[in-house]
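Worksheet: the structure to be examined is printed underneath.
The values are calculated or read from the model by the stated rules, or taken from the named source; none is laboratory data. Only a predicted model underlies this, so the values are computations on that prediction, with no experimental measurement involved. Cβ atoms come from the backbone with ideal geometry, glycine included; neighbour counts cover every protein chain shown. Side chains are part of the model used for accessible areas, which takes the heavy atoms of the whole protein and leaves out ligands, DNA and RNA. Shrake-Rupley method; radii C 1.70, N 1.55, O 1.52, S 1.80 Å.
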Amino acid sequence: MGRGFKIFGGIIAFVVIALVGGVILVYSKLDSILKDAVEEYGTQFTGVSVTLEKVELSPESGLGLISGLIVGNPPGYQTDAAFKLGSIAMNIDLSSVTSKTILIKTIVISGTEVIYEFGDGGSNVDIIVKNVDQAADGSKSDEPKKDEGSGKKLVIENFVIVNGKVSVSHPLLKGKKLASSLPAIRLKDIGKGKKDGASPAEVVDKVMDALEKQVSLAVGATDRLSKLFRK
């Protein structure tokens with residue numbers, strides 16, 4: 001299950017970085033452009049439907065809100081989604097936008113849910129992980145290696161994930177789910193110990209590592225439940 005959490009941690013980090021980029025670019029119709037980009041590239045990346053309900057950006061205040069992110073299921077699975085995200089709210093220090101290092105005062109992610117549904121072909125998350133791996137392999141062969149040291153860097157003072165849960169389903173449950181709460185995750189001063197801050201890739205790694213480490217209780221509970229159904 002740890003690999004699945006890394007995939008969804010990467011999705012969360014990708015959306016956060018897209019939101020940061022949205023506030024920086026300050027285009028008149030950027031809200032809809034960003035929504036379309038997340039849905040298009042998210043679907044290509046995961047091999048399943050990715051939808052986003054709303055994007056609200058305020059270049060004047062540095063506030064941003066994304067809500068209603070849903071990563072769907074591969075064909076044949078009965079639950080309504082593999083991953084849900086209630087909202088991402090953030091506050092960017094606009095005075096830092098034109099500098100090399102962008103200061104993000106707060107990021108609060110609320111209402112995440114990872115849904116593991118087991119079937120004859122394995123879990124829905126396993127299939128999405130395979131899709132992501134195939135997409136990553138294709139991009140590695142087609143794209144030149146990028147310079148990790150170039151581009152904007154980030155410092156994030158407070159990064160919080162709350163109100164999360166992990167759910168398990170099985171054909172015997174007929175689309176119903178058994179859930180376990182996800183412990184709150186709180187990260188401080190991401191990038192502050194590095195010269196010029198952290199790169200977007202380093203932010204992704206931080207988020208994924210935090211998710212994998214902090215969900216041990218939830219994963220343990222759902223593992224025990226899933227083993228009962230797989231006996």
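Output yes when any residue across the range 31-39 is at pLDDT below 85, of a type in the set (Lys, Arg) and farther than 27 Å from Lys174 by Cα, and no when none is. So far as the range 31-39 goes, yes, one or more of its residues are at pLDDT below 85, of a type in the set (Lys, Arg) and farther than 27 Å from Lys174 by Cα. The number of residues in the range 59-80 being touching a Leu at 6+ places or on another chain (Cβ under 9 Å) and of a type outside the set (Val, Ile, Thr) comes to 11. Go through the range 50-88 and give me each residue that's outside any strand (DSSP E or B), open to solvent by less than 30 Å² (accessible area, probe 1.4 Å) and closer than 22 Å to Ile102 by Cβ. Of everything in the range 50-88, just one residue is outside any strand (DSSP E or B), open to solvent by less than 30 Å² (accessible area, probe 1.4 Å) and closer than 22 Å to Ile102 by Cβ, namely Gly62.
Filtered by the rule that a residue be hydrophobic (A, V, I, L, M, F, W, C) and either within 22 Å of Gln44 (Cβ to Cβ) or not in a strand (DSSP E or B) (or both), the range 89-127 gives Leu94, Val97, Val114, Ile115, Val125, Ile127.
Examine the range 214-226 for a residue that is of a type in the set (Lys, Arg), farther than 25 Å from Ala89 by Cβ and modelled with pLDDT of 80 or more, and state whether such a residue exists. No; the residues of the range 214-226 include none that is of a type in the set (Lys, Arg), farther than 25 Å from Ala89 by Cβ and modelled with pLDDT of 80 or more.
Could you tell me whether Lys130 is part of a loop (DSSP other than H, G, I, E, B) and modelled with pLDDT of 80 or more? Here the answer is no, as Lys130 does not meet what is asked.
Being within 27 Å of Ser99 (Cα to Cα) and at pLDDT 75 or above narrows it down to one of Lys165, Lys194, so name that one.
Lys194
From the list Lys140, Lys206, the lone residue that is out of contact with any Lys or Arg (no Cβ under 8 Å at 6 or more places or on another chain), open to solvent by 20 Å² or more (accessible area, probe 1.4 Å) and at pLDDT 80 or above is Lys206. Every residue in the range 32-49 that is surrounded by 14 or more Cβ atoms within 10 Å (Cβ to Cβ), within 25 Å of Val125 (Cα to Cα) and without any contact (Cβ under 8 Å) to a residue 60 or more places away in the chain, please. Lys35, Ala37, Val38, Glu39, Tyr41, Gly42, Thr43, Ser49 - these are the residues of the range 32-49 that are surrounded by 14 or more Cβ atoms within 10 Å (Cβ to Cβ), within 25 Å of Val125 (Cα to Cα) and without any contact (Cβ under 8 Å) to a residue 60 or more places away in the chain.
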